[in-house]
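K.L.:
The structure is given below, and queries will be raised subsequently.
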Amino acid sequence: MGVELIILDVLIVLSAVALSLVYINHSRGSKAFLCEDCRFNTAELCLKSERPRAIDCTSYRPVLEQNTSVEG
């Protein structure tokens, strides 16, 4: 019964790691780090110590895309 508990513990840990990796890959930013496509990604606008490698940030705002299409 001890071996079965060890195997169960290993499976739980592996599942947690897999879920963490999925969360990081599907987080709010389109890049690996939120700062890469955040509109506040400059030293003047962001004073957070995590910048430029934040994976979670309460101030994250994606860069506003400019409309480049010409109507006419």
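K.L.:
With respect to THR42, determine if the residue is of a type in the set (Val, Ile, Thr), under 20 Å from the mean Cα position of the chain (by Cα) and either modelled with pLDDT of 90 or more or part of a helix (DSSP H, G or I) (or both).
P.N.:
Against the criterion (of a type in the set (Val, Ile, Thr), under 20 Å from the mean Cα position of the chain (by Cα) and either modelled with pLDDT of 90 or more or part of a helix (DSSP H, G or I) (or both)), THR42 qualifies.
K.L.:
Something else: Given the conditions (1) modelled with pLDDT under 90; (2) out of contact with any helix residue (DSSP H, G or I) (no Cβ under 8 Å at 6 or more places or on another chain); (3) surrounded by 13 or more Cβ atoms within 10 Å (Cβ to Cβ), and given that GLU71 satisfies all but one, which numbered condition is not satisfied?
P.N.:
Of the numbered conditions (1) modelled with pLDDT under 90; (2) out of contact with any helix residue (DSSP H, G or I) (no Cβ under 8 Å at 6 or more places or on another chain); (3) surrounded by 13 or more Cβ atoms within 10 Å (Cβ to Cβ), the odd one out for GLU71 is (3).
K.L.:
Does CYS57 count as surrounded by 12 or more Cβ atoms within 10 Å (Cβ to Cβ), in a loop (DSSP other than H, G, I, E, B) and at pLDDT 90 or above?
P.N.:
Working: surrounded by 12 or more Cβ atoms within 10 Å (Cβ to Cβ): yes; in a loop (DSSP other than H, G, I, E, B): yes; at pLDDT 90 or above: no.
So CYS57 fails the test.
K.L.:
Using beta carbons and a limit of 7 Å, which pairs, at least six apart or on different chains, have the first residue in the range 54-72 and under 23 Å from ALA43 (Cβ atoms) and the second one at pLDDT below 85 and of a type in the set (Lys, Arg)?
P.N.:
Qualifying pairs under 7 Å: TYR60/ARG28.
The values are calculated or read from the model by the stated rules, or taken from the named source; none is laboratory data. On a predicted model such as this, the values are computed, not experimentally measured, just so you know. Note: ideal-geometry Cβ built from the backbone for every residue, glycine included; neighbour counts use all protein chains shown.
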